[in-house]
Amino acid sequence: MVNQIWQEFLKIAREEAGSPVVETWFKAVSCLSWDHAQKIIYLKAPNQFVKDWIVKNYHALLHVHLARLLNEHDVHIHFVDRLDNNNEKSDEVKPHIIPAKVIPGMQPVSMAMAAGHSRHSLVKNSSGSVTRAVSGQGRPGLNESHTFDTFVVGPSNSLAYAAAMAVAEKPGTLYNPFFMYGPSGLGKTHLLHALGHAIKTEHKKAVIVYQTADRFVQEFIHAIRFNKTHIFETKYKHIDVLLMDDIQFISHKEQTQEAFFHIFNTLHQAKKQIVCTSDALPADIVGLAARMRSRLEWGLVADISMPTLETKIAIVKKKAELHHESISDDIAEQIARSVTSSIRELEGALIRVLACASLTRQAITQELVYNVLFKNSSHQARQQIDLPKVVRSVMNYFNVTLAELRSERRDKQISHARHMAFYLMKKYTDKSLKEIGAFLARKDHSTVLHAFEKINFNRQNDTQLQHILHELEQTIEN
């Protein structure tokens, strides 16, 4: 069960720190065990350099979320150099040095090959790393658990599901491109991977590439840097299916959009399937070229929204079955009602309940669910805090008006107050980045993400900022 907690961290880390951080630093970190009695989590890094970097730069990230997922106030983190015959651990990291949050490791593609997947068709990109191409019998770029069989269909996602099934049956000829949009954590990536698996099953020789837009951007930058753009373009123009996740992240990047535009045209003219996901309609993606918007709307555009309570209950029961657990309808409903933001959060809530039951050897009862998901005061406070309350606290503290926060003014105090508001709104509410940005008249969600990352990074070493945040948090929570 501790591995499931670890995987949940990976999802959180990707959203808060970004895919590059996860791919670079946390991918090879593994979680060995959790000592419930001593409140110690045992981690293993591949080498001292990775360990030191994580300790120095991501200690706050570690503490906040691991403690929350394990339903503990204080969690000690031990990095293990080795395990001897007596199972002794070394290199303890105290919570005040590394507050506890762990990030799940994913097996690198190159390691998958070493493990015996020699038939995977992998293409090296211009920076020398391995592209997540799927061909032959292996599928290293696709999540094995994300299939159509494990996807729960409801009114909020039925069109996207039906369209994905149709595309899988006739790739390149029906709904090309296929564009899915909706808030983060509602199943777009699941359907994207499921579609890839289904195409692979019916077309075993098809070359499929799953790529996130931010990795696509990084790869293109490397290609420019090393004067290998021709290799970059050739690789993408000789595939059968392109699955591009979070396409909004190529916005405001003109050269990357130009490269994607030509790849798109080449694939579309050759009747190769293109599938993209985003958190917004093509027309609503700020910083996206008009001709790119037009092409993304050529095929079918389908939305995915927050599921109904009934669908959430079905999702909880389905996810529990995948973890080889059976829970009653009442328990499933209790868990479903605890989350209003996303399916990802819903699955996280279920995993916390299952982990607590497993680690403490208790039966899954309504009392256990309450203790894990509702009893914690921070959870209760979070449920009662909305965007206006957070912004009012910031306005009062910095002596600024709502009009000033929503304006384009970049005065130092107003800009700082705006960044603090974005950070605290993301921390204390379950609203999407787009909703948070819209509240302060910002159309581009990347503004919110940038502000959050900036404050989150600076607060690690800035004692004055820590003091200000503490005072604001006290005001908001009270």
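The values are calculated or read from the model by the stated rules, or taken from the named source; none is laboratory data. If you're wondering where the values come from, they're calculated on a predicted model, not measured in any experiment. With ideal geometry, Cβ positions are generated from the backbone for all residues, glycine too; neighbour counts draw on all protein chains shown.
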Revision key, fill the gap. Residues in region 267-300 that are farther than 23 Å from Glu254 by Cβ and either in contact with a Pro (Cβ under 7 Å, 6 or more places away or on another chain) or of a type in the set (Lys, Arg) (or both) total 5
Exercise for review: Would you mention how many residues in region 213-239 are under 19 Å from Phe179 (Cα atoms) and in contact with a Leu (Cβ under 9 Å, 6 or more places away or on another chain)?
Suggested key: 2
**Study point:** Residue count for region 162-192, restricted to those that are within 21 Å of the chain's Cα centre (by Cα), under 22 Å from His268 (Cα atoms) and surrounded by fewer than 22 Cβ atoms within 10 Å (Cβ to Cβ)
**Key:** 1
Revision key, fill the gap. Given the conditions (1) touching a residue at least 40 places away in the same chain (Cβ under 8 Å); (2) over 22 Å from the mean Cα position of the chain (by Cα), every one holds for His324 apart from (1)
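I'd like to check which helices (runs of 4 or more DSSP H) are fully inside region 378-478 and have at least 2 residues that are surrounded by 17 or more Cβ atoms within 10 Å (Cβ to Cβ), under 27 Å from the mean Cα position of the chain (by Cα) and among the polar types (S, T, N, Q). Spell out the reasoning first.
Values: elements: 387-398, 402-406, 412-428, 433-439, 445-458, 463-477.
Correct list: 445-458.
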Check your understanding: Failed condition for Arg215, given (1) of a type in the set (Lys, Arg); (2) free of Cβ contacts under 8 Å to residues at least 24 places away in the same chain; (3) closer than 20 Å to Ser278 by Cβ, with all others met?
Key -> (2)
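Would you point out the residue of region 145-162, among those that are in a loop (DSSP other than H, G, I, E, B) and among the hydroxyl-bearing types (Ser, Thr, Tyr), that is farthest from Val301 (Cα to Cα)? Even if it seems obvious, please write down each step before you answer.
The first filter runs over region 145-162 and keeps only residues in a loop (DSSP other than H, G, I, E, B), leaving 145-147, 151-157.
Next, from what is left, pick out any that are among the hydroxyl-bearing types (Ser, Thr, Tyr): 145, 147, 156.
Numbers: Ser145: 25, Thr147: 21, Ser156: 14 Å.
Here the answer is Ser145.
Looking only at helices (runs of 4 or more DSSP H) that fall completely inside region 315-376, which ones have 1 or more residues that are touching a His at 6+ places or on another chain (Cβ under 8 Å) and at pLDDT 85 or above?
Numbers: elements: 329-337, 343-360, 366-373.
Those helices (runs of 4 or more DSSP H) span 343-360.
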Review point. Tell me, which residue of region 194-210 that is touching a strand residue (DSSP E or B) at 6+ places or on another chain (Cβ under 7 Å) and more than 16 Å from Lys271 (Cα to Cα) is surrounded by the fewest Cβ atoms within 10 Å (Cβ to Cβ)?
Key: Lys200
Study note, to complete from the structure: (1) under 18 Å from the mean Cα position of the chain (by Cα); (2) at pLDDT below 80 all hold for Glu8 apart from (2)
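Out of contact with any strand residue (DSSP E or B) (no Cβ under 7 Å at 6 or more places or on another chain), basic (Lys, Arg), assigned by TED's automatic domain parsing to the domain that holds Pro183 and in contact (Cβ under 8 Å) with a residue 40 or more places away in the chain: does that describe Arg295?
Details: out of contact with any strand residue (DSSP E or B) (no Cβ under 7 Å at 6 or more places or on another chain): yes; basic (Lys, Arg): yes; assigned by TED's automatic domain parsing to the domain that holds Pro183: yes; in contact (Cβ under 8 Å) with a residue 40 or more places away in the chain: yes.
It is true that Arg295 is out of contact with any strand residue (DSSP E or B) (no Cβ under 7 Å at 6 or more places or on another chain), basic (Lys, Arg), assigned by TED's automatic domain parsing to the domain that holds Pro183 and in contact (Cβ under 8 Å) with a residue 40 or more places away in the chain.
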Exercise for review: Give the residues of region 279-320 that are over 18 Å from Ala162 (Cβ atoms) and among the polar types (S, T, N, Q), sorted by residue number.
Suggested key: Ser294
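Any residue that is β-branched (Val, Ile, Thr) and exposed (fewer than 14 other Cβ atoms within 10 Å of the Cβ) - is there at least one of those in region 284-303?
If we filter region 284-303 for residues that are β-branched (Val, Ile, Thr), which is where we start, we get 285-286, 301.
After this cut, where a residue has to be exposed (fewer than 14 other Cβ atoms within 10 Å of the Cβ) as well, the list is none.
No, every residue in region 284-303 fails to be β-branched (Val, Ile, Thr) and exposed (fewer than 14 other Cβ atoms within 10 Å of the Cβ).
Counting just the residues of region 211-234 that are touching a helix residue (DSSP H, G or I) at 6+ places or on another chain (Cβ under 9 Å) and among the basic types (Lys, Arg), which one comes out surrounded by the fewest Cβ atoms within 10 Å (Cβ to Cβ)?
Going residue by residue through region 211-234, those that are touching a helix residue (DSSP H, G or I) at 6+ places or on another chain (Cβ under 9 Å) are 211-224, 228-233.
So of that shortlist, the ones also among the basic types (Lys, Arg) come out as 215, 228.
On the way: Arg215: 21, Lys228: 16.
By that ranking, first place goes to Lys228.
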Practice item. For region 187-209, indicate whether the set of residues that are assigned by TED's automatic domain parsing to the domain that holds Gln257, basic (Lys, Arg), closer than 19 Å to Glu258 by Cβ and assigned to a helix (DSSP H, G or I) is non-empty. Key: no
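For the structure I just gave you, tell me whether Thr266 is without any contact (Cβ under 8 Å) to a residue 24 or more places away in the chain, part of a helix (DSSP H, G or I) and not assigned by TED's automatic domain parsing to the domain that holds Asp444.
On the way: without any contact (Cβ under 8 Å) to a residue 24 or more places away in the chain: no; part of a helix (DSSP H, G or I): yes; not assigned by TED's automatic domain parsing to the domain that holds Asp444: yes.
No: the conditions fail for Thr266.
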**Study point:** Pairs where the first residue, in region 349-373, is within 13 Å of His36 (Cα to Cα) and the second is not acidic (Asp, Glu) and not in a helix (DSSP H, G or I), C-beta under 6 Å, 6+ apart
**Key:** Ala355/Met1; Cys356/Asn71; Ala357/Ile364; Ser358/Met1; Leu359/His36
Review point. Out of region 230-263, which residues are of a type in the set (Asp, Glu) and not in a strand (DSSP E or B)?
Key: Glu233, Asp240, Asp246, Glu254, Glu258
Practice item. Name, by its number, the condition in (1) polar (S, T, N, Q); (2) at pLDDT below 90; (3) under 27 Å from the mean Cα position of the chain (by Cα) that does not hold for Gln257. Key: (2)
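Residue by residue through region 192-225, note down the ones that are of a type in the set (A, V, I, L, M, F, W, C) and either over 24 Å from Gly18 (Cβ atoms) or in contact with a Pro (Cβ under 8 Å, 6 or more places away or on another chain) (or both).
Here is the first cut: in region 192-225, the residues of a type in the set (A, V, I, L, M, F, W, C) are 192, 194-195, 198-199, 206-209, 213, 216-217, 220-221, 223-224.
Passing the criteria: Ala194, Leu195, Ala198, Ile199, Ala206, Val207, Ile208.
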